There are 2 protein chains.
Amino acid sequence: MGRHREFDVEKALDAALCVFWRKGYEGSSYTDLTEAAGVERPALYSAFGNKEALFRLALARYSERFLHYIPEALQLPTARQVAAHILVNAVDLNTRYPDHTGCLGINGAVAGSDDAEPVRQALIDFRAAGQAQLRERFERAKTEGDLPETAKADALAAFVMALTHGMAVQAKAGFSREMLEAVVEQALSTWPTGRSTLSETSS
Amino acid sequence: MGRHREFDVEKALDAALCVFWRKGYEGSSYTDLTEAAGVERPALYSAFGNKEALFRLALARYSERFLHYIPEALQLPTARQVAAHILVNAVDLNTRYPDHTGCLGINGAVAGSDDAEPVRQALIDFRAAGQAQLRERFERAKTEGDLPETAKADALAAFVMALTHGMAVQAKAGFSREMLEAVVEQALSTWPTGRSTLSETSS
DNA sequence: TTTTTTTCATAATGACCGTTATTAAACCGG
DNA sequence: CCGGTTTAATAACGGTCATTATGAAAAAAA
């Protein structure tokens, strides 16, 4: 019983996501969000809660809709393929939409006021979760001989993530897809090799 | 003629720099800045102009006081030493001060409101200037045989800068100096070599 | 000492921030 | 068709934003 919603909650969340993606958490005003969603202010509040809750929902939606390439990558057979898949798809995502370049995990908040500290920390945790998955995958690669025993899985994971973060900054600065692809190519040329990937000489 | 200034302009600028470094441009309120400088609001305005002008002065001071390692690096004999010097010193700068980790060039603004667009662009130009210097240095390295003819100077420069940007994000997220040093080691592990650096076999 | 000039401190400005009362409209069950 | 319930729209809330008017205090020039 009661009146129906006259707007699509999913579409409103997508619109909010795009605003946050472009302007970050603190850079996005509630006016920006309501205008993008085509919805009055109290409607957004009743549907999602306050601005912080809306951002967290947008971040979850971002992960679901745009980061599918990460679980995809983790299932590839070699560590190098995992890294390549992540880097190549990150470049694609960072440059695919001209009106919101870069990555929400970075654009959302790097530094900010004390009020934004909970959101900043949420993004830190968000990025750390991805990095931990990558580290575990590289640990496995060591046991499988796909990475040398001397490789540091945590350093490799941090290296790949540092590149994605840095390229996200560069994409937000207007770098072309081609330039970032060249960066990825450069990064992958320094990839360590294990007993089975240097050449086709092992069993 | 007239009354003397009762505060040290240089110290006030340093204080403002620290605030911007920690909270970024939009995250720093004028109240934050005046409290850190120990100076009333109109005094900051009369000394530096508005917030944007103050930020630009702080950025210039940041460059002078903390980025001396970049011109230093450019004078080193090999491209690899140039890259190593930049990356190692960037890690040091990003982790040296626990209350303002990361780098002003990134923390200052990655994304933000439309009002902050001029500052965001100024930071883009600031970073681009460093990258251009690096690219030119790598071009020279190619003519000197220090980098192979096949090396792409612009991609290498963008690669090194992407790493510094990404590590700045990670430092701001609380990454330890040791972790970032391991990232640098990974990045440098297979630097491309020219005719004189692979081993000591050339003339 | 008086005048002029600059800085100082207090406090006010209008605008925008995120968040909500409030009231009218729309829907469902009875 | 009417009572109960949910949403919609308008407008207001206190607080903070960057910026500045104002007048007192201080120092050099006359």
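Here are the numbers for this structure:
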| quantity | calculated |
| --- | --- |
| The protein assembly as shown - mean residue ellipticity at 222 nm from DSSP helices (-39,500 (n - 2.57) per run, n ≥ 4, rounded to 500) | -22000 deg cm²/dmol |
| Per-pair calculated FRET efficiency, R0 = 35 Å: A:K11 and A:S113 via Cβ, rounded to 0.05 | 0.70 |
| Size of the B/A contact, given as accessible area buried on both chains, probe 1.4 Å, in Å² | 3200 |
| Pair A:H4, B:M1: separation of 7 Å Cα→Cβ label points (nm) | 7.8 |
| Dipole magnitude (debye, nearest 20) for segment A:9-62, charges at Cβ of Lys, Arg, Asp, Glu | 100 |
| Inter-site label distance for A:A128 and B:T150 at 7 Å from Cα along Cβ, in nm | 4.1 |
| Residues of segment A:65-86 with amide N under 14 Å of the 7 Å Cα→Cβ point at A:E136 | A:71-72, A:74-75 |
| Size descriptor, Kirkwood hydrodynamic radius, that averages inverse alpha-carbon separations across segment A:73-192, Å | 15.1 |
| Loop GluC sites (Glu not before Pro), segment B:11-89, which have at most 13 other Cβ atoms in a 10 Å radius of their Cβ (DSSP) | B:E40 |
| Computed over segment B:9-62, the ratio Rg/Rh where both radii use C-alpha atoms and Rh is Kirkwood | 0.89 |
| Relative contact order computed over segment B:9-62 (Cα-Cα under 8 Å; 6+ residues apart), in percent | 46 |
| Degrees, to the nearest 10: A:177-188 long Cα axis against longest axis of chain A | 40 |
| Among B:108-115, A:100-107, the order from most to least packed when residues are scored by Cβ within 10 Å on average | A:100-107, B:108-115 |
| Accessible surface of segment A:67-188 [probe 1.4 Å, protein heavy atoms]: carbon and sulfur percent | 53 |
| Kirkwood Rh and Cα Rg combined as Rg over Rh, evaluated for segment B:27-136 | 1.02 |
| Convex hull projection area averaged over all views, chain B, Cα basis, nm² | 13.9 |
| Test item: B:126-135 mean partner chain Cβ contacts at 10 Å | 1 |
| Euclidean distance between Cα centres, segment A:152-191 to segment A:101-140, Å | 16 |
| In sequence order, calculated HN-Hα J values of segment B:155-168 (Karplus, 6.51, -1.76, 1.60; Hz; x Gly/Pro) | 5, 5, 5, 5, 5, 5, 5, 4, 5, 4, 5, x, 5, 5 |
| Assigned charges on the beta-carbon of Lys, Arg, Asp, Glu; segment A:4-152 dipole about Cα centre (debye) | 320 |
| 3J(HN,Hα) from dihedral phi, segment A:87-94, Karplus parametrisation 6.51/-1.76/1.60, rounded to Hz, x for glycine, proline | 5, 5, 6, 5, 4, 4, 4, 6 |
| Separation in nanometres of the label points that stand 7 Å from Cα toward Cβ, at B:D92 and B:E35 | 3.3 |
| Reciprocal mean inverse distance between Cα atoms of the protein assembly as shown - Kirkwood radius, Å | 22.6 |
| Sequence-distant lysines (8 or more away, or on other chains) whose Cα lies within less than 28 Å of B:K23 | A:K23, A:K51, A:K172, B:K11, B:K51, B:K172 |
| Solvent-accessible area per residue, Å², over the protein assembly as shown with all protein chains present [probe radius 1.4 Å] | 46 |
| Cα centroid separation, segment A:13-30 to segment A:33-87 (Å) | 12 |
| Cβ charges +1 (Lys, Arg) and -1 (Asp, Glu), total dipole of segment A:67-188, debye | 120 |
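The values are calculated or read from the model by the stated rules, or taken from the named source; none is laboratory data. None of these values were measured; they are calculated from a predicted model. Counting neighbours? That spans all protein chains shown, and the Cβs are built from the backbone with ideal geometry, glycine included. Side chains are part of the model used for accessible areas, which takes the heavy atoms of the whole protein and leaves out ligands, DNA and RNA. Shrake-Rupley method; radii C 1.70, N 1.55, O 1.52, S 1.80 Å.
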